[in-house]
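The values are calculated or read from the model by the stated rules, or taken from the named source; none is laboratory data. Owing to the predicted nature of the structure, the values given are computational and were not obtained by experimental measurement. Cβ atoms come from the backbone with ideal geometry, glycine included; neighbour counts cover every protein chain shown.
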Amino acid sequence: MGLFNLGGSAEIANEKEAFFAIIFACMAADGEIAPEEEMSLLNLLSTKPTFRKFDLRDAMKKIQRILKETKSLETLLDKAAEKISAELRPTVYATACDFVLADGEVAPAEEAVIAMLKSKLAISDDLSKKIIEVIIIKNKA
């Protein structure tokens, strides 16, 4: 390790950071992250029991650093997906779909990230379809 390389490359440390990274990747799919999207992400995850007593702002900085180092959403998803337990995978996928579908429109880049995520989390076609149908119904109101 060099004198000024104090931390080495950042890694996703645990399942909470991995969950955050996946939703962050969905947000970053279009290549731009607006401040409103960051606030939306922080607000969405702060309501989840998983993220109680978890510093979402620190996680945001760390995941941004990892994405900058890897320069690839797919690599970020790879690093994150391997940290997600089988039991939590449908929840993470549903949360990602909910985030992407929140505005009622799905950009091609967002659809590509969701497709990648579906594969990396081993979500079946049937389960994926059910999740998306429910989220579309939920967001109609």
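Residues to consider are Ala115, Ala94, Ala109, Ala81; find the one that is among the small types (Gly, Ala, Ser), over 20 Å from Glu11 (Cα atoms) and buried (at least 17 other Cβ atoms within 10 Å of the Cβ).
Checking each option against the conditions leaves just Ala94.
With farther than 22 Å from Ser40 by Cβ and hydrophobic (A, V, I, L, M, F, W, C) as the only criterion, which of Ala86, Ala107 stands out?
Residue meeting the stated conditions: Ala86.
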For Arg89, are the conditions met, namely being of a type outside the set (Phe, Trp, Tyr), loosely packed, with under 14 Cβ neighbours inside 10 Å and on the phi < 0 side of the Ramachandran plot? no
Picked from region 7-52 (must be farther than 16 Å from Leu117 by Cβ and of a type in the set (Val, Ile, Thr)), the residue surrounded by the fewest Cβ atoms within 10 Å (Cβ to Cβ) is Thr47
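Using the structure shown, decide if Lys130 is touching a residue at least 12 places away in the same chain (Cβ under 8 Å), surrounded by 12 or more Cβ atoms within 10 Å (Cβ to Cβ) and among the basic types (Lys, Arg).
Considered against the rule, which asks whether it is touching a residue at least 12 places away in the same chain (Cβ under 8 Å), surrounded by 12 or more Cβ atoms within 10 Å (Cβ to Cβ) and among the basic types (Lys, Arg), Lys130 comes out as no.
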Could you tell me whether any residue of region 65-78 is of a type in the set (Lys, Arg), at pLDDT 90 or above and surrounded by 14 or more Cβ atoms within 10 Å (Cβ to Cβ)? no
